[in-house]
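Structure, as structure tokens:
The values are calculated or read from the model by the stated rules, or taken from the named source; none is laboratory data. No experiment lies behind these values; they were computed from the predicted model shown. Heads up, the Cβs are rebuilt from the backbone with ideal geometry, glycines too, and the neighbour counts pull from every protein chain shown.
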Amino acid sequence: MKFLISGGTGFIGRQMVDELLQQGHYVGIYSRQPGVAARTAVATYKWDPLDGEPSVDSVHDMDAILHLAGEPVAQRWNPAIKERIRASRVDGTRNLVNAISKARHKPKVLVCASAIGVYGDRGDEILTEDSALGKGFLADVCRGWEAEADRAAWFGVRVVKIRIGFVLGRKGGAMERIAPLFKLGLGGPLGSGKQWMPWVHVNDITRMFVWAAENEVSGVFNGTAPNPARNSDFTHALGHAVHRPAFLPVPGFALRLAMGELGQHILDSARVVPEAALKAGFQFQFPNLPEALADIV
């Protein structure tokens, strides 16, 4: 198959490119700086989601587009950053779908990233793909993001939206920042530690995107492992994996002081499970947290 990936130079995107190349697929990626992003056996196309539509030629004759691009959420928010977070996802997806609509030979499928932030702060409620959506900035961004992806169906393209959880992996993401702290014995729960963390191993989220492209599925899938963990259980498991204690809590007020509005969202609880993916036959390589962390650290 011929795959085109937006966000192909990011943490998940790099892994996705590797996976597809190993399987013998044609791979192209979008990049704001194609020369810098150049990789052997990977085609590069210039596109910044905030600067309008990609070229129609880039989507022409592709089999699948895997859309991951978006401004990083893990930074201190201000009005300008929040607008970039929203625009890169909502307006960026609109720009991509507009290009798809103009292509003479359109892709068969668009697999678009979304996020578990769409559910908001829900305590201990078990959240499946059929659960009501939440409230707040991130939930509103995800609603708009998914709605723009759905427009591709108007043009005969199969659409899949994957709501990604907290991604665990070796070469990037949040683990790159927090694992060194835990190895120094400086890890601990955030706030009360009772909030649920819907996590997923990077290998599994990568495989889920490719699986969604290769199989006749559509709609929403939660991109999280089958067994979410409370934050306190996650910190205990990570401390055990690195053979260090993990008992230094970060008070909620300190997190909000350090991270502002994002600090409150970090304390949100979302007990998300991948009911639709399991029913459709997707098999996780890392369904349980201890094995996932052991593989990573």
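Looking for whichever is within 20 Å of E71 (Cα to Cα), outside any loop (DSSP other than H, G, I, E, B), free of Cβ contacts under 8 Å to residues at least 24 places away in the same chain and of a type in the set (A, V, I, L, M, F, W, C) here; the options are A174, A149, A139. Which one fits?
Working: A174 fails: free of Cβ contacts under 8 Å to residues at least 24 places away in the same chain; A149 fails: free of Cβ contacts under 8 Å to residues at least 24 places away in the same chain.
One residue alone meets the criteria, A139.
I'd like the full set of residues that are part of a loop (DSSP other than H, G, I, E, B) and farther than 24 Å from V210 by Cα, limited to the range 118-136.
Answer for the range 118-136, where residues must be part of a loop (DSSP other than H, G, I, E, B) and farther than 24 Å from V210 by Cα: G120, D121, R122, G123, D124, E125, S131, A132, L133, G134, K135, G136.
Output the qualifying pairs, or none if there are none: Cβ atoms under 7 angstrom, residues six or more apart or on different chains, first residue in the range 272-290 and touching a residue at least 24 places away in the same chain (Cβ under 8 Å), second residue crowded, with 17+ Cβ neighbours inside 10 Å and aromatic (F, W, Y).
Correct list of pairs: V272/Y119; P274/F221; A276/F221; A277/F221; F282/W211; L289/W199; L289/F234.
Tally time: how many residues in the range 137-159 are under 19 Å from P49 (Cβ atoms) and either under 18 Å from the mean Cα position of the chain (by Cα) or acidic (D, E) (or both)?
The qualifying residues number 14.
Yes/no per residue for (1) out of contact with any Ser or Thr (no Cβ under 8 Å at 6 or more places or on another chain); (2) more than 20 Å from G263 (Cα to Cα); (3) free of Cβ contacts under 8 Å to residues at least 40 places away in the same chain:
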{"position": "S55", "(1), (2), (3)": "yes, yes, no"}
{"position": "H60", "(1), (2), (3)": "yes, yes, no"}
{"position": "H67", "(1), (2), (3)": "no, yes, no"}
{"position": "R86", "(1), (2), (3)": "yes, no, no"}
{"position": "R94", "(1), (2), (3)": "yes, yes, no"}
{"position": "H105", "(1), (2), (3)": "yes, yes, no"}
{"position": "G120", "(1), (2), (3)": "yes, no, no"}
{"position": "E125", "(1), (2), (3)": "no, yes, no"}
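Could you name every one of the helices (runs of 4 or more DSSP H) located completely within the range 1-117 that has at least 2 residues being among the small types (G, A, S), surrounded by 18 or more Cβ atoms within 10 Å (Cβ to Cβ) and within 18 Å of the chain's Cα centre (by Cα)?
Output list reads 79-102.
When you look at D124, is it farther than 14 Å from V220 by Cα, surrounded by fewer than 17 Cβ atoms within 10 Å (Cβ to Cβ) and charged (D, E, K, R), yes or no?
Yes, satisfied.
Which members of the range 271-295 meet the condition of being surrounded by fewer than 19 Cβ atoms within 10 Å (Cβ to Cβ) and closer than 17 Å to M175 by Cα?
Hits for the range 271-295 are N288, P290, E291, A294, D295.
Just to check your reading of the model, which residue among T206, T235 is modelled with pLDDT of 95 or more, among the hydroxyl-bearing types (S, T, Y) and either touching a Lys or Arg at 6+ places or on another chain (Cβ under 7 Å) or part of a helix (DSSP H, G or I) (or both)?
T206
Among the residues of the range 210-243, which ones are touching a Ser or Thr at 6+ places or on another chain (Cβ under 8 Å) and among the hydrophobic types (A, V, I, L, M, F, W, C)?
If the condition is that a residue be touching a Ser or Thr at 6+ places or on another chain (Cβ under 8 Å) and among the hydrophobic types (A, V, I, L, M, F, W, C), then V220 is the only one that fits.
Here is a check on your reading of the model: is Y45 touching a Pro at 6+ places or on another chain (Cβ under 7 Å), closer than 20 Å to V160 by Cα and modelled with pLDDT under 95?
It is false that Y45 is touching a Pro at 6+ places or on another chain (Cβ under 7 Å), closer than 20 Å to V160 by Cα and modelled with pLDDT under 95.
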